[in-house]
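S.K.: Following this message is one structure expressed as structure tokens.
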Amino acid sequence: MKLIKTKKTPEQLAIEQAKDDKPSQNDTLVDMPITEHLIELRRHLIHGFAAVLVIFLALAGFSREIYDIFSAPLTALLPVNSSMIATDITSSFLAPIKLTLYLAVILAMPYILYQIWSFIAPGLYKHEKRIALPVLLSSVILFYLGIAFAYYVVLKSVLAFFIKFSPDNVLPMTDIESYLNFVLKLFLVFGATFEIPVLTLLLVLAGVVTVDSLAQKRRYIIVGCFGIAALVTPPDGLSMIMLAIPMWLLFELGLVMARVLVKEKALLQNNS
């Protein structure tokens, strides 16, 4: 017996799409009152905090070794008779511990984001989940890449610049707490900068801007990259350039990704 395939009307396709986009009714979070939502949120936050605590306790015994690795770019550039110093009695203990805590948070970030995703995912439509999950994973990877770029590429060049231009009668002996704050700020700036492709993509998907409008404003965005880099980096031209150029290139990457996604979305709408 031959089956006759009937073509669905646009109204039927719209109804099926609406059904497909409904949040899953099997999830317990859908019809919860606000108090139960808060209890569920607290549970996920406790899991995230526990992950940070476990990693911190596992690394706490190696805090001095971790700080040695962290300070290696500076100590390799210091003169023979120079070294890092601790101007406060507690700095030699607290600085490595603080660094270990920050490292624990960074290493636990994928699990923390997973807990946040587990809390909000039941309330999302299926098409929102298909977009949100890759964006979430991409943001984590890009943040790690930004930190790696700052440590392996930028940090050594910036430190060499400052030490090279120090006066001849000044012996560089950096405080370990000041060095920690300086480098963490650098990591945070570059980690956030590497999120530009994700931010560009989200702005386009949300309809705040269009790909064409961003492309037309490219020259202003490039100037803005250099302006932001001058504000958030140390007061030297090298670090500003090493931040501004990646910002521009990452913006171009986000623009390409947004253009491809918009074309795919238009193609799917035309096929339906």
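S.K.: Being touching a Ser or Thr at 6+ places or on another chain (Cβ under 9 Å), assigned to a helix (DSSP H, G or I) and in contact (Cβ under 8 Å) with a residue 24 or more places away in the chain is true for just one of A244, A160, A258. Which residue is that?
M.R.: Working: A244 fails: in contact (Cβ under 8 Å) with a residue 24 or more places away in the chain; A160 fails: touching a Ser or Thr at 6+ places or on another chain (Cβ under 9 Å).
After applying the criteria, what remains is A258.
S.K.: Moving on to the next point. Please work out if D175 is acidic (D, E), under 30 Å from S71 (Cβ atoms) and at pLDDT below 90. Full working, then the answer.
M.R.: Working: acidic (D, E): yes; under 30 Å from S71 (Cβ atoms): yes; at pLDDT below 90: yes.
Here the answer is yes, as D175 does meet what is asked.
S.K.: In region 194-236, which residue that is exposed (fewer than 12 other Cβ atoms within 10 Å of the Cβ) and within 18 Å of V183 (Cα to Cα) is modelled with the lowest pLDDT?
M.R.: P235
S.K.: I'd like the full set of residues that are under 17 Å from P79 (Cα atoms), at pLDDT 80 or above and aliphatic (A, V, I, L, M), limited to region 150-170.
M.R.: V158, L159, A160, I163
S.K.: If you don't mind, another one. List the residue pairs whose Cβ atoms are under 7 Å apart, where the first residue sits in region 76-87 and is part of a loop (DSSP other than H, G, I, E, B), the second is among the charged types (D, E, K, R), and the two are 6 or more positions apart or on different chains.
M.R.: Going by the 7 Å Cβ cut-off, the qualifying pairs are A86/D175; T87/D175.
S.K.: Now for a different question. Report, by residue number, each residue of region 97-116 that is open to solvent by less than 40 Å² (accessible area, probe 1.4 Å) and without any contact (Cβ under 8 Å) to a residue 60 or more places away in the chain.
M.R.: T100, A104, L113
The values are calculated or read from the model by the stated rules, or taken from the named source; none is laboratory data. As the structure is a prediction and not an experimental result, all values here were calculated from the model. Backbone-built Cβ (ideal geometry, glycine too); neighbour counts: all protein chains shown. To get the accessible areas, we keep the full protein, side chains included, count just its heavy atoms, and leave off ligands, DNA and RNA. Shrake-Rupley method; radii C 1.70, N 1.55, O 1.52, S 1.80 Å.
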